[in-house]
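S.K.: Once you've had a glance at the structure underneath, I'll fire off some questions.
The values are calculated or read from the model by the stated rules, or taken from the named source; none is laboratory data. Note that the structure is predicted; figures quoted are calculated from it, not measured. Positions of Cβ are backbone-derived with ideal geometry, glycine not excepted, and every protein chain shown enters the neighbour counts.
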Amino acid sequence: MIIGVGVDMVEVADVERRLRRETFLNIFSDAERAHADSLPLQRAEILAGRFAAKEAFGKALGTGLRVGWDLRCIEVVNDPNGRPRIELGRSLRDILPLGAQAHLSISHTKTHAVAVVVIEGE
């Protein structure tokens, strides 16, 4: 059963501007920043995709991104094949119903990044 679907699209140039502020970088986990830093020519595109994924996750929940949520607890990681997935930190795990899974797809170009999240439950 589909619990929720969320989609978000961001402009890479907007994320590049925001990255100049240290506070914006704080929404990304150490692993997310390390992954983006390992590909410096695509850094802004990668972080734009991860930002869109966090927004899409909030939309799929139907709550949006709540003030007070530590956005580093909505972490986008890649499996060994490069497929992105969402890992929730301890403080957010109880938000999803028991047994629910969040499916994620991210795509980006030089100018835009888009993410789609489908939350599926029993």
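S.K.: Report yes if Gly6 is small (Gly, Ala, Ser), touching a residue at least 12 places away in the same chain (Cβ under 8 Å), part of a strand (DSSP E or B) and buried (at least 20 other Cβ atoms within 10 Å of the Cβ), otherwise no.
M.R.: For Gly6, the condition - small (Gly, Ala, Ser), touching a residue at least 12 places away in the same chain (Cβ under 8 Å), part of a strand (DSSP E or B) and buried (at least 20 other Cβ atoms within 10 Å of the Cβ) - is met.
S.K.: If you don't mind, another one. Anything in region 65-100 that is assigned to a strand (DSSP E or B), touching a Leu at 6+ places or on another chain (Cβ under 9 Å) and in contact (Cβ under 8 Å) with a residue 40 or more places away in the chain? List them, or say none.
M.R.: Once the filter is applied, which keeps residues that are assigned to a strand (DSSP E or B), touching a Leu at 6+ places or on another chain (Cβ under 9 Å) and in contact (Cβ under 8 Å) with a residue 40 or more places away in the chain, region 65-100 yields Glu75, Val76.
S.K.: Check off (1) surrounded by fewer than 21 Cβ atoms within 10 Å (Cβ to Cβ); (2) assigned to a helix (DSSP H, G or I) for His103 and give me the number that stays unchecked.
M.R.: His103 satisfies all of (1) surrounded by fewer than 21 Cβ atoms within 10 Å (Cβ to Cβ); (2) assigned to a helix (DSSP H, G or I) except (2).
S.K.: What residue, of Leu92, Leu71, Leu98, is buried (at least 18 other Cβ atoms within 10 Å of the Cβ), more than 24 Å from Val12 (Cα to Cα), at pLDDT below 85 and not basic (Lys, Arg)?
M.R.: Among Leu92, Leu71, Leu98, only Leu92 is buried (at least 18 other Cβ atoms within 10 Å of the Cβ), more than 24 Å from Val12 (Cα to Cα), at pLDDT below 85 and not basic (Lys, Arg).
S.K.: Among what's in region 105-122 and is within 18 Å of Met1 (Cβ to Cβ) and in contact with a Pro (Cβ under 9 Å, 6 or more places away or on another chain), pick the residue that is modelled with the lowest pLDDT.
M.R.: Glu122
S.K.: To continue, here is another question. Are there helices (runs of 4 or more DSSP H) fully within region 10-64 with at least 1 residues that are surrounded by fewer than 17 Cβ atoms within 10 Å (Cβ to Cβ)? List them.
M.R.: Result: 12-19, 22-25, 30-37.
S.K.: OK, next. Can Gly49 be described as at pLDDT 95 or above and in contact with a Pro (Cβ under 9 Å, 6 or more places away or on another chain)?
M.R.: yes
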